[in-house]
Amino acid sequence: MAFNNTFLDFSFVDTHTCNTIGVMDISYYNPAQTNTEPIMQVLAPGYTNPVELTYYKGGVTILNSSNLNIKKVLDPADYIELPDGPYTIKISICPHDQFYKERTFYRMCKLECLYFKALLELDFAQCSACYSKDKLEKLKLAGLYMEGVLANTNTPNCNLKEANSLYSKASKILDNLINCDCNDTK
């Protein structure tokens, strides 16, 4: 398939930390066209105004608490955890009204940490009292809700209301499992 025009697209890269988000530019830039002013706009969950920054054409742009104006720091060791929730990201080049790509990414880094903590607390090999089929079923349900979050945001008919609802349900189950209060998890 030959491209005649520049085609913008991006994907997300796991940075293995809750302090950053990696956004990889996977665009095709037609060398016969002038491709200038690579701009990324990011609307973080809980914020009303997007942050605008330059993205790396053909590379990975790392988002953090400083460049998202959540907490400005000089030392990368001082980045704070980014909030979970929907991030609306748009990349564009000049002319910005013709060449752009926008999508919503639902970050669940903190929720995934809770999930893994709850999984480890089952302690299959060492603690028979910690493991129970009931706890395992609740953990599976939380995982299913987390998959539902992704399913609701990674489709053309993005449903953030349902994604947020499923996130809350998964979070409640995991909190209850970790705090050993497994009576009310629905």
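The values are calculated or read from the model by the stated rules, or taken from the named source; none is laboratory data. This structure is a prediction, so every number in the text was calculated from the model and none was measured. Here the Cβ positions follow ideal geometry from the backbone for every residue, glycine too, while neighbour counts run over all protein chains shown.
Restricted to the range 132-181, and to residues that are touching a strand residue (DSSP E or B) at 6+ places or on another chain (Cβ under 7 Å) and part of a helix (DSSP H, G or I), which residue is surrounded by the most Cβ atoms within 10 Å (Cβ to Cβ)?
If we filter the range 132-181 for residues that are touching a strand residue (DSSP E or B) at 6+ places or on another chain (Cβ under 7 Å), which is where we start, we get 149-150, 153, 158, 160, 163.
Within this subset, residues satisfying the condition of being part of a helix (DSSP H, G or I) are 149-150, 153, 160, 163.
Values: 149: 26, 150: 14, 153: 22, 160: 17, 163: 23.
Ranking the qualifying residues of the range 132-181, first place goes to 149.
Where strands (runs of 3 or more DSSP E) fall wholly inside the range 1-107, the ranges with 1 or more residues that are basic (Lys, Arg) are 85-93, 99-107. Can you find, within the range 26-54, the residue that is surrounded by the fewest Cβ atoms within 10 Å (Cβ to Cβ) among those that are free of Cβ contacts under 8 Å to residues at least 40 places away in the same chain and touching a strand residue (DSSP E or B) at 6+ places or on another chain (Cβ under 6 Å)? The qualifying residue surrounded by the fewest Cβ atoms within 10 Å (Cβ to Cβ) is 52.
Using the structure shown, decide if residue 75 is in contact with a Cys (Cβ under 9 Å, 6 or more places away or on another chain) and surrounded by fewer than 16 Cβ atoms within 10 Å (Cβ to Cβ). Spell out how you get there, then give the answer.
Values: in contact with a Cys (Cβ under 9 Å, 6 or more places away or on another chain): no; surrounded by fewer than 16 Cβ atoms within 10 Å (Cβ to Cβ): yes.
When the stated conditions are applied, residue 75 does not pass them.
Only a single item in (1) surrounded by 14 or more Cβ atoms within 10 Å (Cβ to Cβ); (2) under 30 Å from residue 6 (Cα atoms); (3) in the same structural domain as residue 28 (by TED's automatic domain parsing) is not met by residue 83, and it is number (2).
Suppose we filter 84, 97, 25 for residues that are at pLDDT below 95 and among the acidic types (Asp, Glu); which single one remains?
Details: 84 fails: at pLDDT below 95; 25 fails: at pLDDT below 95.
Matching residue, one of 84, 97, 25: 97.
Considering the range 1-25, the residues that are of a type outside the set (A, V, I, L, M, F, W, C) and in contact with a Lys or Arg (Cβ under 7 Å, 6 or more places away or on another chain) include one that is surrounded by the fewest Cβ atoms within 10 Å (Cβ to Cβ), namely 9.
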